[in-house]
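Here the structure is laid out as C-alpha cells; the discussion comes afterwards.
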Amino acid sequence: MRSLMVRLIALPLVALALLMLPTEAQGSCGFPSAGALLTSDVHPMRARVYLFVIKGRRRPVYEAKDSQGRLIPITWRTMSESLNFDVYRLEFRPMLPGVVVLSSPEEPGRTTGIVVSERWKPEAPDVPVRILEQDFSYVDGCPYEHTRDLFVSLVAPLYRVTFASSREDYLAGRTRSLLIPGRADSRDGVKTGRGLVQLGDIACFSDSFDWKKEPVFLGVTALLADGSETPLPAEPVRVEPPPKPERMY
C-alpha cells in the first residue's frame, strides 16, 4: 500500500484542489461552491477543462482571461457519468500561447492558471490505456480514504472507467461507465509519467466508485486536454475491491 503522505506532497497544485472536496459526511473538507477544476499541466490552443460540481448544486459561474486581461468565451458541455457529481467540460476557442486564468465570482481569490502551448500534442492518442499496476490506499481517519488504485500508462485530467461484472459482459458491451478525476502518479516526490485512477472513497472527494464484494472487469479511457479520448481497451482487466486492512491509528 502506498503512503498517502508521500502522494500528497507530490501532487501538482491543481490536483491538490481535489483534496478539498467533501462527502456529505466530511463537511470539514470544505467543497468550493464553484466546484473543482481538473486541468493538465499544458493545454492545446483549443483547450478543454473539466469541472466537478456536487449533484444538486446549480452550475457555477466562471470567467476566463488571457495574459492581457481580455475575457475569453467559454462553451459548457454536460457530462453525466459520475456517482455524486455533475461533470462539465469547459471548451475554449483557439487561444494564443500563454497563461489563461480561470476564476469564479463565487470564490473570490480562488483562481486557476492553465498554460496554453502551440506545441501541445496528445501522447499516444490512438493507443488504449494500459493498467500497469494495482494497489490500494487506506486511511482510517480524517480525511478518510479507501480506494483501489490503478496505475495507468497515460496521465490525463480525467478518466472514464467502463466496467462489467464479467469478462463476457464487458466484451458484449453490457457495461457501465463512470468518470474519475485524474492524477499524476509520484514516487518520493518525483512524477513517474504514469496516471493514477482511484476507485472508491477518495479523501475529501466522495465515492468515485461503488464497490460491491465481487471483482469487476474494466477498461480505462483517458479524456485528454483537447477533448479527444483514447480507445476503450478491447480486453478488460480483472480488478478486486480494495481490501480493508487493520486500523492505521
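The values are calculated or read from the model by the stated rules, or taken from the named source; none is laboratory data. Note that the structure is a prediction, hence the values are computed from the model and not measured. Cβ placement follows ideal geometry from the backbone for every residue including glycine, while neighbour counts extend to all protein chains displayed. Surface areas here come from the heavy atoms of the whole protein model, side chains and all, with no ligands, DNA or RNA. Shrake-Rupley method; radii C 1.70, N 1.55, O 1.52, S 1.80 Å.
Working with all protein chains in place, sort C204, C142 by solvent-accessible area computed with a 1.4 Å probe, largest first. Don't skip to the answer; put the middle values down first.
Working: C204 10, C142 105 Å².
Most to least solvent-accessible, the answer reads C142, C204.
Once C-alpha pairs closer than 8 Å and six or more residues apart are averaged by separation and normalised to the residue number of the chain, the relative contact order reads 22 percent. Annotated for the chain: lysine pairs at least 8 residues apart or interchain, Cα distance under 25 Å, count 5. Per-residue ellipticity at 222 nm computed for the chain from its helices equals -1500 deg cm²/dmol, with DSSP H segments shorter than 4 residues left out and the rest contributing -39,500 (n - 2.57).
Per residue, the chain exposes an accessible area of 48 Å² to a 1.4 Å probe, with every protein chain left in place. Placing pseudo-labels 7 Å out from each Cα toward the beta carbon at E106 and Q134 gives an inter-label distance of 3.8 nm.
Can you give me the % of accessible surface on the chain that is carbon or sulfur? Probe 1.4 Å, all protein chains present, nothing else counted.
52
Relative to the Cα centre, the charge distribution of region 151-249, modelled as +1 at Lys and Arg Cβ and -1 at Asp and Glu Cβ, gives a dipole magnitude of about 120 debye. In the chain the longest region clear of GluC sites (Glu not before Pro) that are loop-assigned by DSSP and have at most 16 other C-beta atoms within 10 Å covers 124-245.
Comparing R194, R89, R119 in a Gaussian network model of the chain, where Cα atoms under 10 Å apart are tied by springs, the biggest mean-square fluctuation is seen for R119. Between D188 and K55, the C-beta separation translates, for a Förster distance of 45 Å, into a calculated FRET efficiency of about 0.75. For E240 and R176, a Förster radius of 25 Å and the Cβ-Cβ distance give a FRET efficiency of 0.90, rounded to the nearest 0.05.
Taking 20 Å as the cut-off, the amide N atoms of region 214-239 that come nearer than this to a point 7 Å along the Cα-to-beta-carbon line of E118 belong to 226.
Evaluate the charge dipole of the chain about its Cα centre and quote only its size in Debye, nearest 20, assuming +1 on the Cβ of each Lys and Arg and -1 on the Cβ of each Asp and Glu. Once rounded to the nearest 20, the dipole reads 420 debye.
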